[in-house]
Amino acid sequence: MSQFDDMTPEQITEYLKSTGIPVPEWMLDIDRMKSGGKLTDEEVMEFAEFHSAQLRTNAAARYLISCSERFGASPNGQHIFVHQNVVMEISQDVIETLLQHQVEAPLLEERPAERYITVMQFYQMNDQMRELKGSTWLRDFIDEVFIEGAQAMIDGTLNPPSNLH
């Protein structure tokens, strides 16, 4: 049961507006909600992109919680990832950017016609596998990206940009 099950369309609209999250206008149309009309193909795509952003945010938050449980926090309270003697501060933005570039971009390239439908399905399947089977695939994938970066630093093969500001 969802927190929205007992809410009126007006209450749902007010709740969505209060979150500060940019919601597609058609999702705030009370008359549209009450009519139960079907979504256009464009609205389905817009919803998939909107929902994928929410799923990405949730996946990043779960990853940060996992890191806190496994590695603790930095002295200033930031989330960290640790591999051997390398400690990296990470944030919600870092994880979301990683997901966009390492997971979503390849999916969007592979199936351009489906756009964010594929991305949304990926996150939903990952959540389902995590809940049903305890899968840690996405966490392990993100870990591997950080491990490769840490290993490059350890090996001295990571070349920083020459003009750091």
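The values are calculated or read from the model by the stated rules, or taken from the named source; none is laboratory data. All values derive from a computational prediction rather than experimental measurement. Neighbour counts run over all protein chains shown; Cβ positions are idealised from the backbone, glycine included.
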**OP:** Among the candidates 89, 104, 110, 144, single out the residue that is more than 22 Å from residue 58 (Cα to Cα), among the charged types (D, E, K, R) and modelled with pLDDT of 95 or more.
**Re:** 110
Original post:
Would you call residue 5 out of contact with any helix residue (DSSP H, G or I) (no Cβ under 6 Å at 6 or more places or on another chain), exposed (fewer than 11 other Cβ atoms within 10 Å of the Cβ), in a helix (DSSP H, G or I) and acidic (Asp, Glu)?
Top reply: no
**OP:** Using the structure shown, decide if residue 95 is more than 30 Å from residue 44 (Cα to Cα) and modelled with pLDDT of 95 or more.
**Re:** no
**OP:** Scan the range 137-155 residue by residue and report those that are of a type outside the set (D, E, K, R) and without any contact (Cβ under 8 Å) to a residue 12 or more places away in the chain.
**Re:** 137, 152
Original post:
Which residues, taken from the range 12-28, are in contact (Cβ under 8 Å) with a residue 12 or more places away in the chain and either part of a helix (DSSP H, G or I) or charged (D, E, K, R) (or both)?
Top reply: 12, 13, 16, 26, 27, 28
**OP:** Answer yes if at least one residue in the range 39-51 is touching a residue at least 12 places away in the same chain (Cβ under 8 Å), under 30 Å from residue 80 (Cα atoms) and acidic (Asp, Glu), and no otherwise.
**Re:** yes
